[in-house]
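A short worksheet on the structure shown next.
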Amino acid sequence: MAELYPSLAQCAIVAGALKVLLFPAYKSTDFEVHRNWLAITNSLPVNEWYYEKTSEWTLDYPPFFAVFEWLMSQAAAYVDPAMLVVKNLGYDSWETIYFQRATVILTELVLVYALSLFIKSTPLANKSAAHIASLSILLSPGLFIIDHIHFQYNGFMYGILILSIVLARRQSKLLSGIVFAALLCFKHIYLYLSLAYFVYLLRVYCLDPKNFLRPRFFNTIKLGVCILGIFAIAFGPFVQWGQILQLKDRLFPFSRGLCHAYWAPNVWALYSFTDRALIPLAPRLGLTVHQEALNSVTRGLVGDSSFAILPEVTSQQTFVLTFLFQLVPLVKLWRKPDWDTFVGAITLCGYASFLFGWHVHEKAILLIIIPFSLIALKDRRYFSAFRPLAVAGHVSLFPLLFTSAEFPLKTVYTVFWLILFLFVFDRVAPVPERPRIFVFDRLSLLYLTIAIPLIVYCSLLHQLIFGFERLQFLPLMFMSSYSALGVLGSWIGFMVVYFTA
Amino acid sequence: MAPPTPSHRPRKKRKTPTAPGSNNNLIIDIGDGKQSPAFPLVSFLWAARAGISQWLILPLTLMAVGLFRWAVSLWGYSGFQVPPMHGDFEAQRHWMEITTHLPMPKWYLYDLPYWGLDYPPLTAYHSWLLGKIGTAIEPAWFALDESRGFEHPDLKVYMRATVVVSEYLIYVPAVVNFLRRYTRMHGVHAWSASIALVAILLQPATILIDHGHFQYNTVMLGLMVASLDAIMAGRMLWACIFFVGALGFKQMALYYAPVMFAYLLGVCVFPQINIPRLINISLITAAAFALLFAPLLLGATTIEARKDFASAPEPPLLQSAPIALDKNSVAYAVLFQLTQTVHRIFPFARGLFEDKVANAWCAIHTFYKLHHFDTSLLQRASLCATLGSIIVPCGIIFRHPRASLLLPALSCVSWGFFLFSFQVHEKSVLLPLLPMTLSLAGDGGLSKENRAWVGWANILGSWTMFPLLKREELCMPYAVMTLLWAYLLGLPPLSLETYRSRSSPEDPSSHFELNIFAKLLHILFYIVMIAWHVGEAFVPPPPGKPDLWVVLNALIGAGGFGIAYLWCMWKLVTQCRQIDRRGAEEENRKKNQ
């Protein structure tokens, strides 16, 4: 087997060059959020970290991430000490921008390392597919838009996640569990995936893989001690100081609404869309319209949306739905605990939480796309479920960047990635052992072709027809409903593939 | 491959050499039947070696290079927040302002001290079009007089977008077409052509000047490449039209004019004299010029325009003309417009050089102050030196008017102009760099020898523009684009691959390797460039010589460009000899048959 070109390192270098050029690009409030955290962790004692509220962007990530910020702040002190002052709200000197943007690029090396391990861990016959999948993750438009323009550290976080998934493939389940526990202490969004880990580690590590009635006590104790140890390191001090309830309030702010500021493309977006579409029909159908909700929905841009006709959704209901739809794939994982099923179960847990969760952010789409990419090339059926997700998921990120200068960047980069990788995936994905059982291909082709006129309408025609002021919720709603259909369709498709594989 | 059925004429197949990378050494055998790419750019196109449609590779390439252009354009531009005059960005914006708001006759007369229009008419028309479109979007951007020094992120996006769109409408299609024809002519594999295309479109100097500093050079360069493409296709008349277009967009295209002239004259004389062709070429050139100036001159015949001209000061060219005309006549108005335009385009009254430029005059001036001499003497000296430097390549191209000799001849002559002519800007280095870089697509163009020389000249070229880019806070794009290009092409300072010889003496490809003197020379220059950067960053210049680093940059650059000139000349002579030899061999073979 010849070496594969271009190598991960080569792609990382060229993509790195482009990312450095994006230093002056638009940056969201997340930039200030992270600057503020640098300042908080650098200038305050640990027991004040979660109480400080000079800025509205209080620290709301778990302790490991705070420590990570503290580590970076040590270097930041040499670059520009002014960025480490808590009172310097909105401070963005050139040094600060260079420093913070550079840390995103450098910490992404964890992802490069994890992906290289992933390629190494793949058997020879599938190496080139694994290589291509790794490149697609490394060059992902999701990471490009969210990390390098919008500003976050997802490359680093997903690097740790992939590291843990790859470790689970090798004979080091214990290490995989430890790394995942550490990841939870970095960013608690990954709790959504924890059930899959729980079932998998329980089944293959704590119980005998051949007979689940025979527990392996020593393994169970090892794993339990290690994971509890990690959590103790992270949260122990705060328990000691009696701050754990404050941490809980910061990490899980339940006061937020069902849908986030924009319309994340999930079931609730479709629900709002239906609600909205029913308003003109309501008098004929004899439904009552809640007048106060009308204004809120039309605003669409900021704040939570409440419904005019359909019943309200409570957070408890969303949790029950999420939990139920996570259980379904876990049953199969319990019965057939191999690595491919495990990654499939992680992906499906991501799907369930994204589609049905409370206050889901569109950035959370990476929770599905990135684990899915690892197995999308298993065969053509996986790939055809992946295709609409790749289009919908990335297109749904477009509203994150709304400035005109970044418009060509996000569209050209995403189109570039879609053309390149969908073409290459199409070439390398092997023919499945079982015949394809649904008309998914035709539907997904139709779906893909709609994307182009829709993007043109939303980014250009709408403003020409209605101007900037009127009906500005309309393109957002179209985009998110369209993307929601894609995500939902690919979820159903993947469910079928997962259970028939 | 199945033999073609005799019932129909077989499709004309591109002549392909035996293996995709064979005449450019793109693939290295590393033993055990394993192959590896010769430099990183090859590995990015590794999967495209065979069987992938151009319909996929080309759009992806254009998108990728477009991303880098747009990313560079996010950075600063010339004259950002530097009142009162700002810079080239303001000049271009100002031209859009005056061309959209003033009648044509005033274009070359309006408030000349504030960025008066001093480019040829095609630039004016181009500005008019962009100004009209921009005004439709936001009238405040180009409001007459009110908008001077206007700076707004949206205006920046619009202006940057106009550069990208102009480039993608003119330069990019021209280069793509040219490469297709040129590589076919040289029997170079399509894969190798794709690699060359990426290398050419990522050329750092052009991106930094057009998308960083802010100018529309690629329009002029694109028209020039279109003209070359027409020559390769044997369409001499189109070549004339495109070349007049290039001249009409930016007078700097004059650097190319002697070669074009010599070539077009040459094809009418050798191998046999062809008078109708000569007449055709001259007529079409004259017609193209007439068309170029027609709107301006027609505009000059109106009554208001004649009044304006009668009261305006006479352009110097008209003053020195031996004829005296009625100031209110149509003829006077037309002549006035013409001479005023020419006067604006060619500023003879300015000095030998303005800023520190890496050319011969600036280099001599450092050691021996030239302003003791009379300006006219200097002008004459400059003219003679330029003529001296271009006479040989022009002579060769006139005697051997072959399309494949055009690239070395063009680079050689434009180096001559850059080094010796009058009023050279550091940005003019783009002109000699273009034909040199295009040669990457030729036979052996991506071989170690050519890649090393072209890469060296390009990196030296961007390096000499560093003082300019630094003023505009473009250090980061400079570093990224230059290093990225060097990395992709396997050049120093990131790789010494081109300077390591792998092949044994009996290897047929060894004549593509550099000789030892060239290696030492290049490495020396790279070391000096790095040392200069270190010095410039950390060592403040002595109080008496505040310009020390800039002058050093210009001196080293001038030396390097002199060497580049000589190399292009040598290349031209050897290629000419090769073609002659091949021609003679073919003659012999025919005779023997």
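Every number here is computed from the coordinates shown, using simple stated rules; none is lab data. Please read all numbers here as calculations on a predicted model, not as lab measurements. Ideal geometry is used to build each Cβ from the backbone, glycine not excepted, and the neighbour counts take in all protein chains shown.
Some notes on this structure:
- When only the Cβ of Lys, Arg, Asp and Glu is charged (+1, +1, -1, -1), the dipole of chain B relative to its Cα centre reaches about 2120 debye.
- A simple spin-label model places pseudo-atoms 7 Å from Cα toward Cβ; at B:Leu144 and B:Ile28 they are separated by 6.5 nm.
- Judged by a Cβ-Cβ distance under 4.7 Å, the unpaired cysteines of chain B are B:Cys240, B:Cys268, B:Cys362, B:Cys384, B:Cys394, B:Cys475, B:Cys576.
- Using θ = phi - 60° and Karplus 6.51 cos²θ - 1.76 cosθ + 1.60, couplings along the stretch A:5-14 (whole Hz; Gly, Pro as x): 10, x, 6, 4, 5, 4, 5, 5, 5, 5
- Note on the stretch A:8-239: dipole from Cβ charges, positive end direction compared against A:Ala125, A:Pro81, A:Leu138; the farthest Cα belongs to A:Ala125.
- Close amide H contacts of A:Leu207 (hydrogens built in the peptide plane, cut-off under 5 Å, sequence separation of 5 or more or a different chain): A:Arg216.
- Mean-position separation - Cα centroids, the stretch B:556-593 and the stretch B:180-244, in angstrom: 22 Å
- Cβ crowding within 10 Å averaged over residues, with A:341-348, B:252-259 ranked highest first: A:341-348, B:252-259
- With a Förster radius of 45 Å applied to the beta-carbon distance between A:Glu469 and B:Leu494, the computed FRET efficiency rounds to 0.30.
- Among A:Phe398, A:Phe466, A:Val328 - extreme Cα towards positive end, dipole of the stretch A:315-500, charges at beta-carbon: A:Val328
- Ordering A:Ser116, B:Ile241, B:Ala174 by Cα displacement along the dipole of the protein assembly as shown toward the positive end leaves A:Ser116 in first place; charges were set at the Cβ atoms of Lys, Arg (+1) and Asp, Glu (-1).
- Simple Cβ-charge dipole of the protein assembly as shown, Lys/Arg +1 and Asp/Glu -1, about Cα centre, in debye nearest 20: 3660 debye
- Computed magnitude of the charge dipole of the stretch A:8-239 (debye, nearest 20; Cβ of K, R +1, Cβ of D, E -1): 1320 debye
- When only alpha carbons are used to place a centre, the stretch B:143-174 and the stretch B:49-121 end up 5 Å from one another.
- Amide H contacts of B:Ile28 (H built 1.01 Å from N, under 5 Å, at least 5 apart or other chain): B:Ser36, B:Ala38
- In this structure the amide hydrogen of A:Val360, modeled in the peptide plane, comes within under 5 Å of the amide hydrogens of A:His260, none closer than 5 places in sequence on its chain.
- Which listed pairs, of A:Lys210/A:Lys336; A:Lys87/A:Lys187; A:Lys127/A:Lys332, have C-alpha distances above 21 Å, in listed order: A:Lys87/A:Lys187; A:Lys127/A:Lys332
- Highest-first arrangement of A:324-334, A:176-186, where packing means the average Cβ count within 10 Å: A:176-186, A:324-334
- In the protein assembly as shown, the DSSP-assigned H stretches of four residues or longer account for a calculated mean residue ellipticity at 222 nm of -20000 deg cm²/dmol, using -39500 (n - 2.57) per stretch and the full residue count as denominator.
- Sequence-ordered 3J(HN,Hα) estimates for the stretch A:418-432 from the Karplus curve with 6.51, -1.76 and 1.60 and θ = phi - 60° stand at 5, 4, 4, 7, 5, 5, 5, 4, 4, 6, 9, 5, x, 5, x Hz, glycine and proline given as x.
- Rounded to whole Hz, the Karplus (6.51, -1.76, 1.60) HN-Hα couplings of the stretch B:569-582, x for glycine and proline: 4, 4, 4, 4, 5, 5, 4, 4, 4, 4, 5, 4, 5, 4
- Taken residue by residue and averaged, Cβ atoms of other chains lying within 10 Å of the Cβ of B:56-67 number 4.
- Value of D in µm² per second that Stokes-Einstein yields for chain A, Kirkwood Rh from Cα pairs, at 10 °C (1.306 mPa s): 66 µm²/s
- For the protein assembly as shown: rounded, prolate or oblate by the Cα gyration tensor [a/c cutoff 1.5]: prolate
- Contact order, relative form, for the stretch A:315-500: 28 percent (alpha carbon pairs under 8 Å, 6 or more residues apart, mean separation divided by residue count).
- Note on A:5-12: average number of Cβ atoms from other chains within 10 Å of each residue's Cβ is 4.
- Paired Rg and Dmax values of the stretch A:8-239, which use every Cα atom, in angstrom: 19.7, 61
- Summary of the geometry: the stretch B:404-469 and the stretch B:258-288, compared by the centres of their Cα atoms, lie 27 Å apart.
- Remark: mean inter-chain Cβ contacts per residue of A:401-413 equal 4, using a 10 Å Cβ-Cβ cutoff to other protein chain atoms.
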